[in-house]
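Enquirer: My structure is below; once you've seen it, I'll send some questions.
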Amino acid sequence: MIHNEKQTIKEEILSRIREGKTAMVPRWRFVVRAVLMAMGAIVSALVILFVISFVVFAIRQTRVSFLPAFGSRGVGLFLTSLPWLLILLALLFIAVFEILIRRYAFAYRRPMLFSLVGVLLLMAGGTAIISLSRFHESLFEYAQNKQLPLAGPLYRGFGGEQFNHLYPGTIVELTDSGFILAEPNKSTTTIIVTPETRFPTGIDFVQGDSVVVLGDSDNTTEGVIFAFGVQRVDRVLRLKPHIPNWRRFDASSSIVK
Amino acid sequence: MNTQTDEAIVSLVKKGDTASFGILVERYEEKMIRYGRRFLSNRDDLVDLVQEVFIKAFTNIQGFDTSLRFSPWLYRIAHNEFVNALKKKKKEPLSFFDDVDTLFPHLVSEKNLEDEAEQKEMRLMLEKFLDKLPSKYREPVVLYHFEEMSYQEISEILHIPISTVGVRLGRAKKQLQRFYSKSQQSS
């Protein structure tokens, strides 16, 4: 019985081959498939790298990265202002990349956690290099000057202001109740410091300091913000000697009682 | 009797000596039927599936790298074919949680069977209770105990981490022991 069965299977297969009912897939198709798979993995990796580094850029550009230092309100605002669509897109491509590389022995022989950690480390390294290269900053400038046709809306959309409670700028004048802030768009805003104002990086501000203010606008007076928190962006600026008439800001004596 | 290696025969087939494929069919037919029997009970279906396995192997033979071993490659095709047939039959939904043990690293030693007596007991348990094991445990057990494959070969066939092979074999052994002690109590 087994002998007959063996003959049947072998003969059946060989006769199908002889009759041309079964044919080998040519080698070039395997080569094309392998190349396409590899290209798919490379393109996915590049997309992940672009999206993650862009998310980091957008967080830095919109200054929302400073929010968590302002306590629970800051953390809440930080979470709601993250570019979740881009983060989901990055996660989707990480899943695609993982599926593509799981076909290779180096990936499936090891636990998935290892390849995921490997992917994340690779992306973290790549993102750090891209951040240092100012790649996104350059594209953002092109986008602002309307010289970036395809990705322009993306950069203007995610790189621009995300919400109206965060005021980045430079202290141009210290006042008794706070300071005057010059915003990047050249307009000035009066910042009022209250006893509830938080200072995660200290209170000894000076004229010329770059700061980020989290606060609510005064409904009665335009251009006045009650600060919920003030954070210095770059501590080195404090030491700049060329700022005329600079004086040390003593927040404790300037608080509006 | 042909003494050439499987891989040397594959090279001949790739170059156009399609008749040599018959030697590979002869060598692996019985093994494939034995392997498939662990998944499917219907003999007619099984012969058709084994035939399909060889046809797929022939069709895709140009994609086989002859620097690797032929048998895990063939078993991989058979695994896919039998699992698909089983899914069609049982209409089992795909479950992510079936593969959750491939996510994390595990510390498992390759030697999980110590002596001959234990191996004998294991074989006895397998003969009796193999059908009761979930398919994700049954397959590594079949490959390890019946096809005498190494952890690495099983990893190649099932596309799971080597450590997961060890984990599944260990869990299968525990389940078999449970079935065995239950049957001893009831008899």
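Enquirer: Cβ contacts < 8 Å: first residue within 7 Å of chain A (Cβ to nearest Cβ) and more than 14 Å from A:K21 (Cα to Cα), restricted to segment B:38-60; second residue polar (S, T, N, Q) and surrounded by fewer than 18 Cβ atoms within 10 Å (Cβ to Cβ), any location; separation 6+ or different chain. Result?
Expert: From segment B:38-60, the pairs are B:V47/A:T8.
Enquirer: For segment B:2-16: of the residues being closer than 17 Å to A:A23 by Cβ and touching a residue at least 40 places away in the same chain (Cβ under 8 Å), which is farthest from the other protein chains (Cβ to nearest Cβ)?
Expert: Step by step, filter segment B:2-16, then rank; the result is B:V10.
Enquirer: Sticking with this one: Are any residues in segment B:41-57 buried (at least 16 other Cβ atoms within 10 Å of the Cβ) and either outside any helix (DSSP H, G or I) or among the polar types (S, T, N, Q) (or both), and if so, which ones?
Expert: If the condition is that a residue be buried (at least 16 other Cβ atoms within 10 Å of the Cβ) and either outside any helix (DSSP H, G or I) or among the polar types (S, T, N, Q) (or both), then B:Q51 is the only one that fits.
Enquirer: Still on this structure, I have one more. Filtering segment A:91-123 down to residues that are free of Cβ contacts under 8 Å to residues at least 40 places away in the same chain and more than 14 Å from chain B (Cβ to nearest Cβ), which residue is nearest to A:A58 (Cα to Cα)?
Expert: In this case the residue turns out to be A:L91.
Enquirer: Still on this structure: Go through segment A:137-170 and give me each residue that's buried (at least 19 other Cβ atoms within 10 Å of the Cβ) and assigned to a helix (DSSP H, G or I).
Expert: A:L139, A:F140, A:A143, A:Y155, A:F158, A:G159
Enquirer: Would you mention how many residues in segment A:193-237 are outside any strand (DSSP E or B) and either modelled with pLDDT of 85 or more or buried (at least 20 other Cβ atoms within 10 Å of the Cβ) (or both)?
Expert: Total satisfying the criteria: 5.
Enquirer: What's the number of the only condition in (1) assigned to a helix (DSSP H, G or I); (2) within 14 Å of another protein chain (Cβ to nearest Cβ); (3) not hydroxyl-bearing (S, T, Y) that B:L130 fails to meet?
Expert: (2)
Enquirer: What are the residues in segment A:120-136 that are loosely packed, with under 15 Cβ neighbours inside 10 Å and assigned to a helix (DSSP H, G or I), if any?
Expert: The answer is A:L120, A:L121, A:L122, A:A124, A:G125, A:A128, A:I129, A:L132, A:S133.
Enquirer: Go through segment A:21-54 and give me each residue that's among the β-branched types (V, I, T), surrounded by fewer than 18 Cβ atoms within 10 Å (Cβ to Cβ) and over 26 Å from A:S131 (Cβ atoms).
Expert: A:V25, A:V31, A:V32, A:V35
Enquirer: To continue, here is another question. Can you go through A:F57, A:F70, A:F30, A:F66 and tell me which one is of a type in the set (F, W, Y) and within 8 Å of chain B (Cβ to nearest Cβ)?
Expert: Step by step, each of A:F57, A:F70, A:F30, A:F66 is checked, and only A:F30 is of a type in the set (F, W, Y) and within 8 Å of chain B (Cβ to nearest Cβ).
Enquirer: Looking at (1) modelled with pLDDT of 90 or more; (2) touching a strand residue (DSSP E or B) at 6+ places or on another chain (Cβ under 9 Å); (3) not charged (D, E, K, R), can you tell me which one A:L14 breaks?
Expert: Only one criterion in (1) modelled with pLDDT of 90 or more; (2) touching a strand residue (DSSP E or B) at 6+ places or on another chain (Cβ under 9 Å); (3) not charged (D, E, K, R) is unmet by A:L14, namely (2).
Enquirer: Across segment B:61-84, which residue is farthest from the other protein chains (Cβ to nearest Cβ) among those that are more than 14 Å from the chain's Cα centre (by Cα) and among the β-branched types (V, I, T)?
Expert: B:T66
Enquirer: Can you tell me which residues in segment B:155-167 are within 20 Å of A:L113 (Cβ to Cβ) and among the β-branched types (V, I, T)?
Expert: B:I160, B:I162, B:T164, B:V165, B:V167
Enquirer: Moving to a separate point now. Can you pull out every residue in segment A:172-188 that is over 24 Å from A:V75 (Cα atoms), outside any loop (DSSP other than H, G, I, E, B) and free of Cβ contacts under 8 Å to residues at least 60 places away in the same chain?
Expert: Scanning segment A:172-188 gives A:V172, A:E173, A:I180, A:A182, A:T188.
Enquirer: Within segment B:17-37, how many residues turn out to be within 9 Å of chain A (Cβ to nearest Cβ) and in a loop (DSSP other than H, G, I, E, B)?
Expert: Matching residues across segment B:17-37 total 0.
The values are calculated or read from the model by the stated rules, or taken from the named source; none is laboratory data. Everything numeric in this text was worked out from a predicted model, so none of it was measured. Using ideal geometry, Cβ is built from the backbone for each residue, glycine included, and neighbour counts are taken over all protein chains shown.
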